[in-house]
1. Only four residue types carry charge here, +1 at the Cβ of Lys and Arg and -1 at the Cβ of Asp and Glu. Report the dipole size of the stretch 1-104 about the Cα centre in Debye, rounded to the nearest 20.
2. Taking the Cβ-Cβ separation of SER86 and VAL187 as r and a Förster radius of 41 Å, what is the calculated FRET efficiency to the nearest 0.05?
3. Is the shape of the stretch 1-55 rounded, prolate or oblate, going by the alpha carbon gyration tensor and its root eigenvalues a ≥ b ≥ c, with a/c under 1.5 for rounded and a/b larger than b/c for prolate?
4. Pairs LYS73/LYS121; LYS88/LYS189; LYS135/LYS193; LYS58/LYS121; LYS58/LYS143: which are spaced more than 28 Å apart, C-alpha to C-alpha?
5. Rank by packing, highest mean first: peptides 41-47, 133-139, with packing defined as the count of other Cβ atoms within 10 Å averaged across residues.
6. What net charge is computed for the residues neighbouring THR181, neighbours being all others with C-beta under 10 Å from the C-beta of THR181, Lys and Arg scored +1, Asp and Glu -1?
7. If you place +1 on the Cβ of every Lys and Arg and -1 on the Cβ of every Asp and Glu, how big does the dipole about the Cα centre of the chain come out, in debye to the nearest 20?
8. Which listed residue (GLY236, PRO207, VAL195) has the Cα farthest towards the positive end of the charge dipole for the stretch 129-254, taking +1 on Lys and Arg C-beta and -1 on Asp and Glu C-beta about the Cα centre?
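The values are calculated or read from the model by the stated rules, or taken from the named source; none is laboratory data. This one's a predicted model, so the numbers in the text were calculated from it and none came from an experiment. When we count neighbours, we look across all protein chains shown, and the Cβ atoms used for this are built from the backbone with ideal geometry, even at glycine. Side chains are part of the model used for accessible areas, which takes the heavy atoms of the whole protein and leaves out ligands, DNA and RNA. Shrake-Rupley method; radii C 1.70, N 1.55, O 1.52, S 1.80 Å.
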Amino acid sequence: MLIDSHCHLDRIDLKPYQNDFSCFMQEAEANQLEHLLCIAIDLESYPAMLDLVAGYSKISVTVGVHPNVQDCKDPGVDELIALGQSDKVLGIGETGLDYFRSEGDLSWQHQRFRNHINAAKSLKKPLIIHTREAKEDTLRILKEEGAGEVGGVIHCFTEDWEFAQQALDLNFYISFSGIVTFNNATVIKEVAKKVPADRFLIETDSPYLAPVPFRGRPNYPIYVRYVAEQIADLRGMPVNKIADLSTRNFYDLF
């Protein structure tokens with residue numbers, strides 16, 4: 001059984017499933033997907049996301065506002081705590097820093113990140129971290145705010161082994177997406193070989209970043225198998241073992 005630890009189910013294209021979410025879930029179960037963690041990126045679409053996945057015990061959610069999202073409601077710590085109290089909510093995020101898509105004075109991004117960390121600490125729930133071209137500040141703020149108290153996951157990992165080691169030391173897991181299947185992802189592949197067996201997750205980040213052989217097309221949670229197969233190949237292990245390890249790690253974290 002497999003777990004997609006990071007997907008955006010409210011943003012996937014349901015046309016191949018007759019625009020019927022229940023048909024999508026039937027295929028997910030037929031492809032041995034045991035659980036899906038549906039990740040929030042803003043508060044405006046959050047109620048509709050909850051409505052979509054309501055009633056599905058195999059789907060959990062997070063609450064948070066993505067660092068790239070602007071012109072939106074920027075939540076304070078108290079609001080994140082209030083929204084995050086539900087048993088359906090397993091974590092806080094995705095949150096973090098992104099200097100690739102945002103520019104100028106990014107103090108607002110730093111404060112948003114700190115708010116999420118403090119809410120997670122209050123709720124005692126893990127953080128889902130997005131970081132792009134901001135690894136030094138990401139690590140610095142995680143340390144300054146004591147994020148290691150709750151830990152979490154560096155999702156869609158795209159950094160080097162040095163960054164991974166520092167994240168692991170801060171009580172964070174490393175999650176690999178379809179990017180690890182790309183031919184030019186040599187640095188990420190090296191991290192996938194080295195990360196401890198009890199500290200990695202797998203994800204799709206669907207509908208984005210489809211793995212090879214679907215690169216450039218819409219991504220779906222059922223493609224998480226290709227991520228597992230790549231990591232199994234890199235580590236010289238059976239894919240079933242990677243599935244078992246990543247599933248156990250998911251439940252250990254969340």
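1. Dipole of the stretch 1-104, to the nearest 20 debye: 180 debye.
2. 0.65
3. Oblate, since a/c reaches 1.5 and b/c is not below a/b.
4. As for pairs spanning more than 28 Å Cα to Cα, those are LYS88/LYS189; LYS58/LYS143.
5. 133-139, 41-47
6. 0
7. 560
8. Selected residue: GLY236.
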